[in-house]
Amino acid sequence: MLGVTRWLNDDEQRSWRAFAQASRLLIDRLDRDLQNEAGMPPTYYELLVLLSEAPQRTLRMSELARWTRSKPSRISHAVNKLEQSGWVRREHCEGDRRGWLAVLTDEGLAALQVAAPIHVESVRTRLVDALTPEQFRQLGEISQVLLDHLTKSD
């Protein structure tokens, strides 16, 4: 990465700044909507979604950390809070004394079912409806290219 600096030209600078500001604002608004309307922090929502989509609504704690790109200690803290709410319970991994599973409870699924329509409406209002169908398709393609590029180097 070191070497000759390839400075952004005016068009690249405008595009970069618009993308950076729009990304931050979008995530901030989506997070705020979820917290204000569903009373759920976005991190908890993400964990509940991942568990709801997993077989038997169960994932290893290490898998949750990997999927969310979070440190295991952060996931452990979040799962502790979800346990206190009755939305998740922990179980030992069979055959792995050090491994733990997070299991979505019926109460957690019910909380997710309340929060999901709120989140989806927020995504639709703040992102999908702001773009034409073609722009949204292009956004998906561009986002996938970025995701592939960024995860390739991990």
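Has the range 27-38 got any residue that is out of contact with any Ser or Thr (no Cβ under 8 Å at 6 or more places or on another chain) and on the phi > 0 side of the Ramachandran plot?
No; the residues of the range 27-38 include none that is out of contact with any Ser or Thr (no Cβ under 8 Å at 6 or more places or on another chain) and on the phi > 0 side of the Ramachandran plot.
If I filter the range 116-135 down to residues being in contact with a Leu (Cβ under 8 Å, 6 or more places away or on another chain) and farther than 21 Å from Leu47 by Cβ, which single residue comes out as surrounded by the fewest Cβ atoms within 10 Å (Cβ to Cβ)? Outline the logic, then answer.
Within the range 116-135, the first condition is being in contact with a Leu (Cβ under 8 Å, 6 or more places away or on another chain), and the residues that meet it are 118-119, 122-123, 126-127, 131.
Among the residues that remain, those that are also farther than 21 Å from Leu47 by Cβ are: 126-127, 131.
Values: Arg126: 15, Leu127: 15, Leu131: 12.
In this case the residue turns out to be Leu131.
Can you pull out the residues in the range 40-61 that are within 17 Å of Glu94 (Cα to Cα) and open to solvent by less than 70 Å² (accessible area, probe 1.4 Å)?
Arg57, Thr58, Leu59, Met61
Within the range 33-58, work out how many residues are hydroxyl-bearing (Ser, Thr, Tyr) and under 15 Å from Gln113 (Cα atoms).
The number of residues fulfilling the criteria is 3.
Residue check: is Asp106 under 17 Å from Tyr44 (Cβ atoms) and open to solvent by 30 Å² or more (accessible area, probe 1.4 Å)?
yes
Is it the case that Asp33 is charged (D, E, K, R) and either crowded, with 17+ Cβ neighbours inside 10 Å or not in a helix (DSSP H, G or I) (or both)?
Numbers: charged (D, E, K, R): yes; either crowded, with 17+ Cβ neighbours inside 10 Å or not in a helix (DSSP H, G or I) (or both): yes.
So Asp33 passes the test.
Can you tell me how many residues within the range 75-87 are more than 20 Å from His119 (Cα to Cα) and surrounded by 14 or more Cβ atoms within 10 Å (Cβ to Cβ)?
Matching residues across the range 75-87 total 5.
Only one of Ala18, Ala54, Ala65 is free of Cβ contacts under 8 Å to residues at least 60 places away in the same chain and more than 17 Å from the chain's Cα centre (by Cα); which?
Ala18
Can you pull out every residue in the range 127-138 that is more than 22 Å from Trp67 (Cβ to Cβ) and among the hydrophobic types (A, V, I, L, M, F, W, C)?
Val128, Ala130, Leu131, Phe136
So which pairs qualify, if the first residue must be in the range 125-153 and in contact (Cβ under 8 Å) with a residue 60 or more places away in the chain, the second must be part of a helix (DSSP H, G or I) and acidic (Asp, Glu), the Cβ gap must be under 8 Å, and the two must be at least 6 apart or on different chains?
Arg126/Asp33
The values are calculated or read from the model by the stated rules, or taken from the named source; none is laboratory data. Every value quoted in this text rests on a predicted model; they were computed, and no experiment measured them. For neighbour counting, all protein chains shown are included, and Cβ atoms are generated from backbone atoms with ideal geometry for every residue, glycine included. When the accessible area is computed, the model is the full protein with side chains, heavy atoms only, and any ligands, DNA or RNA have been set aside. Shrake-Rupley method; radii C 1.70, N 1.55, O 1.52, S 1.80 Å.
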